[in-house]
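Q: Encoded as structure tokens, here's the structure I'll be asking about.
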Amino acid sequence: MLEVAGLVVRYDRVPALDGVDLRVGNGEVVCVLGPSGGGKSTLLRTVAGLEAPAEGAIAWDGRDLRDVPPHLRRFGLMFQDHALFPHRDVAGNVGFGLRMQGIDAPTIRARTDELLTLVGLPGFADRPVRSLSGGEQQRVALARALAPNPRLLMLDEPLGALDRALRERLVDELRAIFLRRERAVLLVTHDHEEAFALADRVVVLRDGRVEQDADAATVWARPATAFVAGFLGYNVTTAFGSQIAVRPEGLTLTPDGSAPTDAPAGAVAVTVVDRTFRRDHFRVRVRTAAGEVLDVAFREPDLPAAGTPGHLALDPAAAVPLPA
Amino acid sequence: MDRHRPALSARDRLGTGIAIAVPVVFVALFFAYPVAAILGRGLAPEGQVDLEPLRRVFTDPTLRGVVWFTVWQAALSTVLTLAIGLPGAYVLARLRFPGRSLVRAMVTIPFVLPTVLVASAFLALGVPRSLGAILLAHVFFNYAVVVRVVGELWRHLDPHEEDAARMLGASRWRVWWEVTFPALRPGILAAATITFLFCFTSFGVILFLGGPTRSTIETEIYRQTTRFLDLPLAAALSVVQLSAVVVLLWLVARFERAAVPRRLGAAREIEHRARSLGDRLLLFGNLAVMAALLALPLGVLVARSLSPPSGFGLASYRALSELRRGSTLYVAPLDAIGNSLRFAIAATAIAVVVGGLAAWAGVRGRSRWLDGLLALPLGVSAVTLGFGFLIALDEPPLDLRGSQWLVPLAQALVAMPFVVLLVAPVLRAVDPRVREAATMLGASPARVRRTVDLPIAARALLVAAAFAFAISLGEFGATSFVVRPDHPTLPIVIYRLLGQPGDAAFGAAMAASCILMVLVAAAVLAGDRARAGRHGEF
């Protein structure tokens, strides 16, 4: 089990990590989620031993890792830009970690073929890495990180540079591989869909501090702070009383004069500002009298034009109370 | 950056220490120490500070003339080289034509050709010893510098920037002036400074082609040392030379930092066929210039070596195996081939090991002063080096007087900076994450060096070895100071033969030059094969 306590890392005296606590159990998949520049990559590099912390401790199964150099930690790291060895072919890349362990060539070859099949690249062993597409490089990098069977596998934006269709397919494959290995996995991403698809537990990092650390479903349903809620696409509003977070689906817009009934009780008067499109539905952006701008899911075929007045109702079950 | 480096084990620290110590000690012992000896002789000849010799350099009318001539001939050579080299850089960077890779390889050859060889070729061509001959030879040698330095940058400019300017309404001329030229400027400045530096410290060219009345600081050091034995004055001249070189090297480093191609690695080709009339004129004009520069002198050299006074044949080559009566040579010229090869092999081994370690230490250490220290021998003239060896290494604590090692050591110092220049960029281009990836897969720091750095640098080391070998074979300036008369190298023999009267001696000089040319060309082509085998741009 990985235990990180009070971790502080500074670059030029500016803290990149400012007192981070983190635990990753065996068989657990933990995702660190946050905006770019929030210290995610630094966290991985520090756990890997590639950066030295200014303060705090990193331990594995209770043993402090301060004096263990990175190559002896038996951690795997898949780099964001893959960092494949340009002078070696695919097999030379995947088998590298096994060679470092002094394993004999036939065993390495067998294990390499096995891993290439696992990541969907059978028969790629002798290909030069330069000839690979971005998605293929990503798979080779994954196979290379998996090959020595590290006790902790870390992945930095594993699906970062890939196009959407490929990403959606690889997310499921990655999750299957993680579950099969039953080892600790720590990954970082700025994409919350990726995080919730892959992880058992999600840690939201902002400016080097942990904003929320909970199992994935809890973070998704009950963001702990206004920042987390905003990052996950919630509206953060005080229009209905005290500060709450609410998804666009938890709000209902009724354009004035469109419905026979009067505006529901507790509804707030708003004006349509603009419209936008997310994944599979249109959203309408509205402004309250107090000047708050909120996103509302809208599934009717006729979108209200900008400037249309209306009333906004809240589904109380969808509201998540936030600390003021 | 204030990045914390994780702790290294004692063993790794020891390995790193040795890797850095070897080049530092080498440069300190065989470069810094001789140079310090020169400074001592020049500034304090009798043990106490005496600026009289230095004052003479700037007050004596003859010596002032020497300094002034050194500066303006270098400036004129630089302007001429740029004028002829820039169109060549465009042609080789941007135009696609059959045989281009061969032309690209050929263009580099003059740069490594021994000065003594080029001088004989020009003399064979009938060029009189004159200022014109000096300028022509300087263009010949430095054409490759401009074409390579500017051309590499040009090849890697993003053509989309030019396209964008065109789409925003800029004419071709405006595109050149506002987009292309500013992007190339650091490369042009770097090439110009390097060319100026080489012409400023040029030795063989002035000595062979300038005639008895033309003298630069470099040849004056040689004259004062060997003819008049005025060591304090020679040292004072060296001090002036060294100061100028340090300033020039600092400029080169500044410009080169800015001249790094922005899109290194992206191998998208941006060149086009020469379709327009202007492009065709440029292409054929430049190919004609290259042919005239390269093929003509060397062709005449071969022709003259095969046509001695007795008529067409190999008589001049046969004469090389004899030691003629009354000759100033102590051995048969043919023996010099063996000497040259032996010295060059030893020098290459030293230069590759020391230079390779220096490149690695410079890249890993990220230390400016280390880079500077190791680059210094590049600009410091061969004559200064030879002179420093002469006055520093002939007495305890380091007495190498009469040692066969002086020649390979001097040649290795001349060649080593080129090894660093060829290997360091390749090591620098290694993504640090690739090293970290190896670490995360369980490779110790020593293993990272062996499995990542070494294989990636291997080809560059091969190219550097061939280059060092070619340079050592043709090295004249430093060798002429330290070589033993009974163990001359080929360039020394050619120089001596050229100084002898008579057609037979001249024919023998031509024949010896041709043999030297074949040896150097073989080394250069071997190096180019290693380069051509590389995958992509790595």
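All of the numbers you see were taken from the coordinates with simple rules; none came from a lab. No experiment lies behind these values; they were computed from the predicted model shown. So basically every Cβ, Gly included, is an ideal-geometry build from the backbone, and we count neighbours across all protein chains shown.
Q: How high is the relative contact order of chain A, given as a whole-number percent (alpha carbon pairs under 8 Å, six or more residues apart)?
A: For chain A, the relative contact order is 18 percent.
Q: Please average, across the residues of A:77-89, the number of beta carbons from any other chain that are within 10 Å of each residue's own beta carbon, and give a whole number.
A: Values: counts 6, 2, 6, 1, 3, 4, 9, 4, 11, 11, 13, 4, 0.
Taking the mean over all residues of the peptide, I get 6.
Q: For segment A:2-227, what class follows from the C-alpha gyration tensor (a ≥ b ≥ c being the square roots of its eigenvalues): rounded when a/c is under 1.5, otherwise prolate if a/b is larger than b/c, else oblate?
A: prolate
Q: Which FRET efficiency value, to the nearest 0.05, do you get for B:Arg447 and B:Leu51 by plugging their Cβ-Cβ distance into 1/(1 + (r/R0)^6) with R0 = 60 Å?
A: With R0 = 60 Å, the Cβ-Cβ based efficiency is 0.60.
Q: Let me ask you something else. Could you check what % of the DSSP bridge pairs in the protein assembly as shown are antiparallel, to the nearest 5?
A: Of those bridges, close to 70 percent are antiparallel.
Q: Using DSSP H assignments, which helices in chain B have an axial alpha-carbon span of 30 Å or above and a mean Kyte-Doolittle hydropathy of 0.0 or higher?
A: Membrane-span-like by this rule: B:61-94, B:131-155, B:231-258, B:277-305, B:333-365, B:406-428, B:503-532.
Q: Given segment A:2-227, what percent of its DSSP beta bridges are antiparallel, to the nearest 5?
A: If I count the DSSP bridges inside segment A:2-227, around 55 percent turn out antiparallel.
Q: Run a plain Debye calculation on segment B:51-262 (Cα atoms as equal point scatterers, no solvent) and give log10 I(q)/I(0) at q = 0.08 Å⁻¹, rounded to two decimals, same order as the q list.
A: Relative scattering, expressed as log10 I(q)/I(0), comes to -0.35.
Q: Which distance in nm do the two modelled labels at B:Leu287 and B:Arg342 give, with both placed 7 Å along the Cα-to-Cβ direction?
A: Calculated label separation equals 4.6 nm.
Q: Distance between Cα centroids, segment A:86-119 to segment B:39-68: provide it in whole Å.
A: 67 Å
Q: Taking R0 as 56 Å, what FRET efficiency do you get between B:Leu421 and A:Thr271 from their Cβ-Cβ distance, rounded to the nearest 0.05?
A: Rounded to the nearest 0.05, the efficiency is 0.25.
Q: Something else: Using alpha carbon centroids, what distance separates segment B:102-116 and segment A:201-238, in Å?
A: One Cα centre to the other: 65 Å.
Q: In addition: Can you list the HN-Hα couplings for segment A:9-15, worked out from phi with the Karplus curve (6.51, -1.76, 1.60; θ = phi - 60°), rounded to whole Hz and with x for Gly and Pro?
A: Values, residue by residue: 10, 10, 10, 6, 6, 8, x Hz.
Q: Additional query: Hey, rough spin-label estimate for A:Val293 and B:Ala36, points 7 angstrom out along Cα→Cβ, what's it come to in nanometres?
A: 6.9 nm
Q: Using the alpha-carbon atoms, what tilt in degrees (0 to 90, nearest 10) does helix A:164-181 show relative to the longest principal axis of chain A?
A: Approximately 60 degrees, to the nearest 10.
Q: Cut-off 10 angstrom, C-alpha nodes, Gaussian network model of chain A. Which of A:Ala245, A:Ala267, A:Ala141 fluctuates the most?
A: It is A:Ala267.
Q: Collect residues whose amide H, placed 1.01 Å from N in the peptide plane, falls under 5 Å from the amide H of A:Asn235; neighbours closer than 5 in sequence don't count.
A: Hits under the 5 Å cutoff: A:Val246, A:Arg247.
Q: How large is the Kirkwood hydrodynamic radius of chain B, counting all unique pairs of alpha carbons, in Å?
A: 24.7 Å
Q: Nearest 0.05, what FRET efficiency do B:Trp68 and B:Ala253 give at R0 = 25 Å with Cβ-Cβ as r?
A: 0.40
Q: OK, next. Quick one: net charge of A:Leu77's neighbours, Cβ under 9 Å, K/R +1, D/E -1?
A: Residues near A:Leu77 contribute -1 overall.
Q: Counting only trypsin sites (Lys or Arg not before Pro) that sit in a DSSP loop (anything but H, G, I, E, B) with at most 14 other Cβ atoms within 10 Å, what is the longest stretch of chain A containing none of them? Intermediate results must be reported in sequence, preceding the final value.
A: Details: sites that count: A:Arg13, A:Arg66, A:Arg279, A:Arg299.
Value returned for the longest uninterrupted segment is A:67-278.
Q: Starting from the Cα of A:Thr252, step 7 Å along the direction of its Cβ; do the same at A:Asp302; then give the gap between the two resulting points in nm.
A: Distance between label points: 1.8 nm.
Q: Under the Kirkwood approximation applied to all pairs of distinct alpha-carbon atoms, what is the hydrodynamic radius of the protein assembly as shown in Å?
A: Working: mean 1/r = 0.0311 Å⁻¹.
The Cα-based Kirkwood calculation yields 32.1 Å.
Q: So for B:Thr489, B:Thr16, B:Thr81, A:Thr271, fewest C-beta neighbours within 10 Å to most, what's the order?
A: A:Thr271, B:Thr16, B:Thr81, B:Thr489
Q: Related question: On alpha carbon coordinates alone, what is the Rg over Rh value for segment A:234-321, Rh being the Kirkwood radius? Intermediate values should be presented prior to the final figure.
A: Working: Rg = 12.0 Å, Rh = 13.0 Å.
On the Cα set of segment A:234-321, Rg over Rh gives 0.93.
Q: List B:Asp453, A:Asp163, A:Asp81 from most exposed to least, where exposure is judged by having the fewest other Cβ atoms within 10 Å.
A: Starting with the residue having the fewest Cβ neighbours, the order is A:Asp163, A:Asp81, B:Asp453.
Q: In addition: How big is the gap, in Å, between the Cα center of segment A:22-78 and the Cα center of segment A:121-139?
A: Segment A:22-78 and segment A:121-139 have Cα centres spaced 28 Å from each other.
Q: Between A:Leu153 and residues 5 or more places away or on another chain, which pairs have amide H atoms under 5 Å apart, with H built 1.01 Å from N, and which residues are they?
A: Long-range HN contacts for A:Leu153: A:Gly76, A:Ala184, A:Val185, A:Leu186.
Q: Between 0 and 90 degrees, rounded to the nearest ten: what's the tilt of helix A:134-146 against the longest Cα principal axis of chain A?
A: 60 degrees
Q: Also, I was wondering about something else. Using a 10 Å cut-off around each Cβ, can you sort B:Phe476, B:Phe312 from fewest to most neighbouring Cβ atoms?
A: B:Phe312, B:Phe476
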